[in-house]
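The values are calculated or read from the model by the stated rules, or taken from the named source; none is laboratory data. Note that the structure is a prediction, hence the values are computed from the model and not measured. As a convention, Cβ positions derive from the backbone with ideal geometry for all residues, glycine included, and neighbour counts pool all protein chains shown. Note: accessible area is taken over every heavy atom of the protein model, side chains too, but ligands, DNA and RNA are not part of it. Shrake-Rupley method; radii C 1.70, N 1.55, O 1.52, S 1.80 Å.
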Amino acid sequence: IRRQRQMCIRDSSIGMGIGGTSVHGEDVELNRLRFTSTHSISAPPGTTFTTEFDGGVSGLFLMSFNILGYAAIETRLTGNGHHLTDATRRSWAAHWHTGVRAYPMWYWQPKLPPYLQPLEPSLFIGWGVSYQGYAPNPVQELGWSKWGSWQFGLGVEYFIISYFKVCLDYTYIRAAYDNFIWDFEDSVNFDVEPPASTGFH
């Protein structure tokens with residue numbers, strides 16, 4: 001265990017994961033979109049768009065650099081989607097956040113029973129960007145984006161050997177989308193006021 005802890009002080013890590021995501025969004029009326037003088041949306045009054053999508057299987061890729069065992073700088077890429085190869089039906093979400101993961105039990109780890117010492121709980125907070133897109137019809141893909149979304153997480157890591165660990169992880173992403181993309185191909189953007197509040201578990 002002592003060798004494991006010393007290695008963690010100076011080592012970086014790369015990880016991959018798979019899990020499930022649920023999405024909680026909202027409908028956005030046309031009058032919440034702020035048009036520019038050069039672009040408008042050819043949709044009838046009362047049209048609504050949405051950030052509510054089906055969840056499902058999601059993937060994770062992360063890189064982390066440990067700082068003295070007590071914390072780590074971590075960057076995380078996460079996302080999920082449906083019918084990704086079909087441009088007329090797909091819906092998806094993708095997030096990139098960088099932040100700090102804290103290990104609050106690190107100082108007391110040697111005082112735990114030996115079988116618990118490889119087990120490390122952690123807390124994560126990160127800041128980054130979130131995107132979401134969907135195709136409501138066969139010829140167009142709409143989307144949302146937010147620079148400045150937040151990610152909060154809880155994790156429990158267990159070192160199987162000194163250079164390999166498994167982790168059970170929960171994160172919540174809050175993306176208050178303030179940018180609406182009318183056409184992803186041409187990147188026609190509109191401000192959203194108030195932002196479309198969306199959460200990912």
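Which three numbers, in whole Å and largest first, are the semi-axes of the equivalent ellipsoid of the chain derived from its Cα gyration tensor as √(5λ)?
Values: eigenvalues 338, 49, 34 Å².
Ellipsoid half-lengths, sorted descending, are 41, 16, 13 Å.
Do any GluC sites (Glu not before Pro) in the range 108-201 lie in a loop, going by DSSP, with at most 16 other beta-carbon atoms within 10 Å of their beta carbon, and if so which? Passing both the DSSP loop test and the Cβ count: Glu185.
Stretch Glu29-Asp11 to full length: gain in nm at 0.36 nm per residue minus the Cα-Cα span? Kindly include the intermediate steps, with their values, before the conclusion.
On the way: separation 18, 0.36 × 18 = 6.48 nm, distance 4.91 nm.
Roughly 1.6 nm would be gained on extension.
Subtracting the Cα-Cα distance of Asn179 and Thr48 from their residue separation scaled by 0.36 nm leaves 45.7 nm.
Full extension of the chain segment joining Trp127 with Met63 gains 21.6 nm, where the gain is 0.36 nm per residue of separation less the Cα-Cα distance. Between the beta carbons of His83 and Gln140, assuming R0 = 22 Å, the FRET efficiency works out to 0.90 to the nearest 0.05.
Using a Förster distance of 25 Å, how high is the FRET efficiency between Arg90 and Cys167, based on the Cβ-Cβ distance and rounded to 0.05?
Values: r = 29 Å, r/R0 = 1.17.
FRET efficiency, Arg90 to Cys167: 0.30.
The coefficient of translational diffusion for the range 79-127, derived via Stokes-Einstein from the alpha carbon Kirkwood radius under 10 °C and 1.306 mPa s, stands at 111 µm²/s.
What translational D, rounded to a whole number of µm²/s, comes out for the range 46-147 from Stokes-Einstein when the hydrodynamic radius is the Kirkwood one over Cα pairs, at 10 °C and 1.306 mPa s?
Numbers: Rh = 16.5 Å.
Approximately 97 µm²/s, per Stokes-Einstein.
Can you give me the orientation-averaged projected area of the convex hull built on the Cα atoms of the range 9-100, in nm²? All intermediate terms of the calculation are to be shown ahead of the outcome.
Details: hull surface 37.1 nm².
Answer in nm², one decimal: 9.3.
Globularity index of the range 93-156 is 1.78 (Cα radius of gyration / 2.2 N^0.38 Å, N = number of residues).
The share of accessible area on the chain that comes from carbon and sulfur is 63 percent, using a 1.4 angstrom probe.
Surface exposure of the chain, expressed per residue as accessible area with a 1.4 Å probe, stands at 56 Å².
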